[in-house]
1. What about R222, is it open to solvent by 60 Å² or more (accessible area, probe 1.4 Å) and touching a residue at least 12 places away in the same chain (Cβ under 8 Å)?
2. With the requirement that a residue be part of a strand (DSSP E or B) and more than 15 Å from I30 (Cα to Cα), what does the stretch 85-116 give you?
3. List the residue pairs whose Cβ atoms are under 9 Å apart, where the first residue sits in the stretch 152-170 and is within 17 Å of H86 (Cα to Cα), the second is open to solvent by 60 Å² or more (accessible area, probe 1.4 Å) and among the β-branched types (V, I, T), and the two are 6 or more positions apart or on different chains.
4. For the subset of the stretch 101-120 comprising residues that are open to solvent by less than 70 Å² (accessible area, probe 1.4 Å) and modelled with pLDDT under 95, which member is nearest to C79 (Cα to Cα)?
5. Looking at the stretch 145-167, which of the residues that are farther than 17 Å from Q219 by Cβ and out of contact with any Cys (no Cβ under 9 Å at 6 or more places or on another chain) is least open to solvent (accessible area, probe 1.4 Å)?
6. Among (1) open to solvent by 10 Å² or more (accessible area, probe 1.4 Å); (2) modelled with pLDDT of 95 or more; (3) out of contact with any Ser or Thr (no Cβ under 7 Å at 6 or more places or on another chain), there is one condition R51 misses while meeting the rest; what is its number?
7. Would a scan of the stretch 66-75 turn up a residue that is hydrophobic (A, V, I, L, M, F, W, C), touching a Leu at 6+ places or on another chain (Cβ under 8 Å) and surrounded by 14 or more Cβ atoms within 10 Å (Cβ to Cβ)?
8. Given the criterion of a type in the set (S, T, Y) and either buried (at least 17 other Cβ atoms within 10 Å of the Cβ) or more than 30 Å from N106 (Cα to Cα) (or both), identify the matching residue among T45, T10.
Amino acid sequence: MELPRGPAATELPPSHYSATRAAALAACYICHRLGSPGHGLAPRTVRRARRQDIDGVGHKYYLELVLEDITDNDRTVNCTAEVLYHLGNKNIAPDVQFTTEGELQNTDEADNIFYNRIKSLEKELVAENIPDSHGNVSPEMQPIQLLAWVASGFVIWQNSTENTKFQLAQIKHVKQVKRSDEYLEFDYKILLHEMVSQEIIPWQMTVLWHPQHGVQVTQDSRQPKHASE
């Protein structure tokens, strides 16, 4: 990663809290861009991290990290990422750029099987508490969970600051929404775990997906706390 001209970037220990937060955010963004109901990505290790303080702009992190497939921990991909947190404006999502090395798992077959299964249902899918209180996810619900993982990557990216670290904790409720076009649509009520404050935050998101067009979050909103009860 070439550094732009300007203030020098400071090397950070890979385990430094600010490096791991930036890496988690980068992983969420990458997962949203590249994931599907067939696979999701999560950070495994940070190999190198640097931070550059850009006057009047914000803090920029240069990261080398390893991501793993959450359905198969033996599948990993190396990537580099740049994350820019804008100073003083929480309404602007961080800028994220990334490159991946090597091939990601091809899940076209699994994605198409899931797509056709949902399209053939006589009644719209409805489910709740994924995973359950014992941490279990049934095989038929795994694509639903992975779709939420990928979509929540968008929500996390849009709502992150340098002082946050979010992760999807649970799907409280999901309902398929009937459509007349080729897309699948799901209305999710999820719980996000903010690991810095240890807060559990209810969130609603409407998700569109099609095997050829990827995942789109068309609407999302933070919910009042009692929504998680």
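1. yes
2. As a first pass, look at the stretch 85-116 and keep what is part of a strand (DSSP E or B): 85-86, 95-101.
Correct list: Y85, H86.
3. What qualifies is N163/V196; T164/V196; K165/V196.
4. Step one: list which residues in the stretch 101-120 are open to solvent by less than 70 Å² (accessible area, probe 1.4 Å), which gives 102, 104-105, 107, 110-112, 114-115, 118.
From what is left, the residues that are modelled with pLDDT under 95 are 102, 104-105, 107, 110.
Working: G102: 9, L104: 11, Q105: 15, T107: 20, A110: 24 Å.
Checked the stretch 101-120; the qualifying residue nearest to C79 (Cα to Cα) is G102.
5. Our first condition is that a residue be farther than 17 Å from Q219 by Cβ; within the stretch 145-167, this holds for 145-146, 149, 160-167.
Retained after the next criterion (residues that are out of contact with any Cys (no Cβ under 9 Å at 6 or more places or on another chain)): 145-146, 161-165.
On the way: Q145: 51, L146: 6, T161: 36, E162: 43, N163: 105, T164: 25, K165: 59 Å².
Per the stated criteria, the residue is L146.
6. Of (1) open to solvent by 10 Å² or more (accessible area, probe 1.4 Å); (2) modelled with pLDDT of 95 or more; (3) out of contact with any Ser or Thr (no Cβ under 7 Å at 6 or more places or on another chain), only one is false for R51: (3).
7. We begin by selecting, within the stretch 66-75, every residue hydrophobic (A, V, I, L, M, F, W, C); these are 66-67, 70.
Filter again for touching a Leu at 6+ places or on another chain (Cβ under 8 Å), leaving 67, 70.
Of the ones still in play, those that are also surrounded by 14 or more Cβ atoms within 10 Å (Cβ to Cβ) are 67, 70.
Scanning the stretch 66-75 turns up at least one residue that is hydrophobic (A, V, I, L, M, F, W, C), touching a Leu at 6+ places or on another chain (Cβ under 8 Å) and surrounded by 14 or more Cβ atoms within 10 Å (Cβ to Cβ).
8. Numbers: T45 fails: either buried (at least 17 other Cβ atoms within 10 Å of the Cβ) or more than 30 Å from N106 (Cα to Cα) (or both).
Only one candidate passes the filter, namely T10.
The values are calculated or read from the model by the stated rules, or taken from the named source; none is laboratory data. Because the structure is predicted, anything quoted here is derived from the model rather than measured. Neighbour counts run over all protein chains shown; Cβ positions are idealised from the backbone, glycine included. Only protein heavy atoms, including side chains, enter the accessible area calculation; ligands, DNA and RNA are left aside. Shrake-Rupley method; radii C 1.70, N 1.55, O 1.52, S 1.80 Å.
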